[in-house]
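The values are calculated or read from the model by the stated rules, or taken from the named source; none is laboratory data. Note that the structure is predicted; figures quoted are calculated from it, not measured. Here Cβ is always computed from backbone atoms with ideal geometry, including for glycine, and neighbour counts include all displayed protein chains.
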Amino acid sequence: MKRSIVFLSILWLAMAGMAQVSVSPETLAKRAKRKNLTVKEWNTDQSTKTRWLDHVNVYDSEGRKIEEIEYATYGQRQRVTYEYDDTTGRVIKEVVYNDRNKPVRIRKYEWNEDGTKAKQYNYLPNGKLYTIKVFEYIFND
């Protein structure tokens, strides 16, 4: 009886751990291809043949996007950095920077158990909370 209880306890813990990190095989395959990758997107004006950097996406050793930079012809327009929860792999924080690389917005996220967003907390650069967005999911038949 004790052996059965121990076995079931271990099985339950293993299943609970697996439930926390429910990443689809497709997502894992995409991430594997993006490990330590930097992607640069270039634009070319057809009339002047001027070429400029449009976007840069940087991925970490787990294939998760950690930085996205958007450019205009004059230089950086906006930069966003991403932080992830080590347990679930979900984005928990985004910091948005302006064209002078100064933080202008900080977003923090809470997630539902099913992997959908629950709340988004929006902060000013000084750390003051200014809005909370709540996500509601309604399935129509």
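Could we say that Ala19 is part of a helix (DSSP H, G or I), exposed (fewer than 10 other Cβ atoms within 10 Å of the Cβ) and either at pLDDT 90 or above or hydrophobic (A, V, I, L, M, F, W, C) (or both) here?
yes
Give me the strands (runs of 3 or more DSSP E) completely within the stretch 72-139, filtered to those with at least 3 residues that are of a type in the set (Asp, Glu) and out of contact with any Pro (no Cβ under 7 Å at 6 or more places or on another chain), ordered by residue number.
By residue number, no strands (runs of 3 or more DSSP E) qualify.
For a quick check of your reading of the model, give me the residue pairs whose first member lies in the stretch 118-141 and is on the phi > 0 side of the Ramachandran plot, whose second is modelled with pLDDT under 95, with beta-carbon atoms closer than 9 Å and at least 6 apart or on different chains.
Cβ pairs passing all conditions: none.
Quick one: which of Glu94, Glu113, Glu62, Glu136 is modelled with pLDDT of 95 or more, surrounded by fewer than 16 Cβ atoms within 10 Å (Cβ to Cβ), within 30 Å of Pro25 (Cβ to Cβ) and charged (D, E, K, R)?
Glu136
Residues of the stretch 81-126 being under 17 Å from Arg64 (Cβ atoms) and of a type in the set (A, V, I, L, M), which ones?
Val91, Ile92, Val95
To keep it simple, each residue is scored yes or no on (1) farther than 22 Å from Asp85 by Cβ; (2) part of a strand (DSSP E or B); (3) among the acidic types (Asp, Glu); (4) in contact (Cβ under 8 Å) with a residue 60 or more places away in the chain.
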position: Glu26; (1), (2), (3), (4): no, no, yes, no
position: Ala32; (1), (2), (3), (4): no, no, no, no
position: Asn36; (1), (2), (3), (4): no, no, no, no
position: Asn43; (1), (2), (3), (4): yes, yes, no, no
position: Gln46; (1), (2), (3), (4): yes, no, no, no
position: His55; (1), (2), (3), (4): yes, yes, no, no
position: Glu67; (1), (2), (3), (4): no, yes, yes, no
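Report, by residue number, each residue of the stretch 65-75 that is modelled with pLDDT of 95 or more, surrounded by fewer than 17 Cβ atoms within 10 Å (Cβ to Cβ) and farther than 20 Å from Thr27 by Cβ.
Correct list: Glu70 only.
Can you pull out every residue in the stretch 124-141 that is farther than 25 Å from Pro103 by Cα and charged (D, E, K, R)?
Once the filter is applied, which keeps residues that are farther than 25 Å from Pro103 by Cα and charged (D, E, K, R), the stretch 124-141 yields Glu136, Asp141.
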